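A short write-up of the structure that comes next.
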Amino acid sequence: MALTEGMLGDVGHLGIDKLFKVESAKYQDYSEEIVGNVIKTKESYYKMKSLIGLGAAEDFAEGAEAPLDDYAPLFVKNFYPERIGKMIEFTDDFAWSEQYRLIAGMQPAIAKSFMLKVNLIAAGLDNLGFTDTTKGIVAGETLYMSNHSNNGYAGSNVSSTGTNIAFGPLGIEQMKADIRNQVSARGDIMDHSGEIIVKYPNALEGRAYALANSDKMVGTNNNDAAFAKHGVRYVRVPFLVSPTAWFARLADNEEQGLFMIHFKPYSIEKLAKDRRLMNAYIASQKLVAGWRDFHGTWATAGA
């Protein structure tokens, strides 16, 4: 953005009672709720490696040799940062006018624009989770699919019924069962028993409130206790673009593989004046979001 003395007209002069900027008043950081694992590093890239864990203990006869087992490599990938930035510049004449105070006031606005971008990058994992094959540790695989590479064993983090699941008590029940039934790269049930975070868009906020607070099954004549309320935390993510799609992940970050890596934190600095007598501020940040494992996550396009 380049500003000149005349661009903003009378904005910088006395007599303006209120200047209203049509922009967000604030952007809170949703990235940790969305991905869970937030990592900070000063390295130029970050290596992710997954291993096949140990299988169940095996029987062996007295005097016989004990069964040998070991970790084995499964996937490995280097994740490189994405650079985001924004610059404003303004003339020397502009700097000497009363409008210069607007420049100082723009710095918080720039920081808010970066927070928006961070949220969009994090939410992009879910928004593009059915189509983007570049964000994961396994080449050519999307985040959400029914046939993930899993050492030859079933690898799914979508509905086992093969249909789009509506956001309701029966859908939550299906999601819980699907996550609990995921198997390891040894083919063993992983026993995911902790809290599950359900991420939903603005359009489903009313239904989420009912699911989180009702003691009975929402939207039905069934008087059973609200299973959708048990062990689930509902999180509204305003950056989800589909009005029907919803997503789930285990709250325990050791058991799910979404992540965001911060390589360089947000910073803003003033550059030296150039030959045009232009003043400039430049802000930048380096980060990347991705997934290192599909286990402990689940999604549906909704209905």
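The values are calculated or read from the model by the stated rules, or taken from the named source; none is laboratory data. The shown structure was predicted, so the numbers you read here are calculated from the model rather than taken from an experiment. Quick reminder, even Gly has a Cβ in these numbers, built from the backbone with ideal geometry, and neighbours come from all protein chains shown. Side chains are part of the model used for accessible areas, which takes the heavy atoms of the whole protein and leaves out ligands, DNA and RNA. Shrake-Rupley method; radii C 1.70, N 1.55, O 1.52, S 1.80 Å.
Give all pairs with beta carbons closer than 8 Å in which a residue from the range 194-211 that is without any contact (Cβ under 8 Å) to a residue 60 or more places away in the chain meets a residue that is assigned to a helix (DSSP H, G or I) and small (Gly, Ala, Ser); count only pairs at least 6 apart in sequence or on separate chains. As it stands, the answer is 198/208; 200/208; 211/228, since those pairs meet every condition given. Of the strands (runs of 3 or more DSSP E) lying entirely inside the range 236-303, the ones with 2 or more residues being open to solvent by 10 Å² or more (accessible area, probe 1.4 Å) are found at 258-271, 278-291.
Applying a threshold of 7 Å to beta carbon distances and a minimum spacing of six or more residues, or different chains, the list of pairs starting in the range 39-51 at a residue that is farther than 21 Å from residue 138 by Cα and ending at one that is not hydrophobic (A, V, I, L, M, F, W, C) reads 40/262. Please enumerate the residues belonging to the range 61-79 that are in contact with a Leu (Cβ under 9 Å, 6 or more places away or on another chain), assigned to a loop (DSSP other than H, G, I, E, B) and open to solvent by 80 Å² or more (accessible area, probe 1.4 Å). Correct list: 70, 71.
For residue 82, the conditions (1) among the charged types (D, E, K, R); (2) surrounded by 16 or more Cβ atoms within 10 Å (Cβ to Cβ); (3) modelled with pLDDT of 85 or more all hold with the exception of (2). Among the residues here, residue 156 qualifies as crowded, with 18+ Cβ neighbours inside 10 Å, assigned to a loop (DSSP other than H, G, I, E, B) and of a type in the set (Gly, Ala, Ser).
Let's see how each residue does on (1) among the hydroxyl-bearing types (Ser, Thr, Tyr); (2) within 30 Å of residue 41 (Cα to Cα):
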position: 170; (1), (2): no, no
position: 178; (1), (2): no, no
position: 193; (1), (2): yes, no
position: 239; (1), (2): no, yes
position: 254; (1), (2): no, yes
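Just to verify a result, which residue in the range 185-209, among those that are of a type outside the set (Asp, Glu) and in a loop (DSSP other than H, G, I, E, B), is nearest to the chain's Cα centre (by Cα)? Checked the range 185-209; the qualifying residue nearest to the chain's Cα centre (by Cα) is 201.
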